[in-house]
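Just so it is clear, none of the values below were taken in a lab; they were calculated from the coordinates. What you are looking at is a predicted structure, and each value in this text was computed from that prediction instead of being measured. All Cβ positions, even for glycine, are placed from backbone atoms using ideal geometry, and neighbour counts span all protein chains on display.
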Amino acid sequence: MIEAKRPENAKTRAKKAPAKKARKVAGEGWQAEKSAMTRRAILEAAVNCFVEEGYAKTTTAMIAAEAGVSRGAMMHHFPSRSAVMEAVVAYLHARRLEEYRDLMANIDIPDQQLTRVDIRRSVQAAWDYVNLPSFVAYQELLAAARTEPELGELIGDVERDFEQQFLRTVKAVFPHWKKVKALQAAHDLVQFVMNGMAVSYRFNNRKKRAERVIDLVTEQLASIYEIDQPK
């Protein structure tokens, strides 16, 4: 004889409700994490495509293939090429600042004297910085922005914000330079020289020539630092 199933009372339903809610929240959390991982993979793939193929040749189909996602997944996150470009610009904005902080960490120690060796390490780190994939990818975007008004407007807004945040980051990672009057000039000297060397990738003996320039920039920075120190 089959025993009749007792109907659930309010107390029984109340006990089951939290478990269902917990499973639902856990499922939503995993979906959100999965979505974020897919989005990041697409942005990383776009950066890789810019580096390997160049901006002009990069298509959404190419990015999807590089990321290992379907076209449908690609369109779900980024319905158009312009949407991908906008997201990549924002992604590179944050990534470049983070990479700079990581490279410059522990060079200028607040309670230790800043030496010429430390200054050279910072110049070498700046050179390493402009050779990262993120820099190469961003240069591709900058070049394209010259003839693409929509991208140019987007890049312009981000560049202004990046410059402000970048200078604040420089001040934060180089505490000894906070009292140096020529901090902006020193910063510009390093960036302009390093950027110029980075885009001159076809030069012969590039590594040896870069070493010489790094030594010259180090000497200039050391002189600026010594002259502008409070007496």
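General remarks:
- Shown for segment 81-231: lysine pairs separated by 8 or more places, or found on different chains, whose C-alpha atoms are under 18 Å apart, numbering 5.
- Size of electric dipole in the chain: Cβ of Lys, Arg +1 and of Asp, Glu -1, about Cα centre, debye, nearest 20: 1340 debye
- Distant-in-sequence amide contacts of D108, defined by a placed amide H-H separation under 5 Å and a gap of 5 or more residues or a different chain, comprise nothing.
- The phi torsions of segment 66-78, fed into the Karplus equation with coefficients 6.51, -1.76 and 1.60 and a -60° offset, translate into couplings of 5, 7, x, 10, 6, 4, x, 5, 4, 5, 5, 7, 9 Hz, rounded to whole numbers, with Gly and Pro shown as x.
- Virtual spin-label span in nm between K178 and M37, 7 Å along Cα→Cβ: 4.1 nm
- If the chain linking S80 and N131 were pulled fully straight, counting 0.36 nm for each residue of separation and taking away their Cα-Cα distance, it would gain 15.4 nm.
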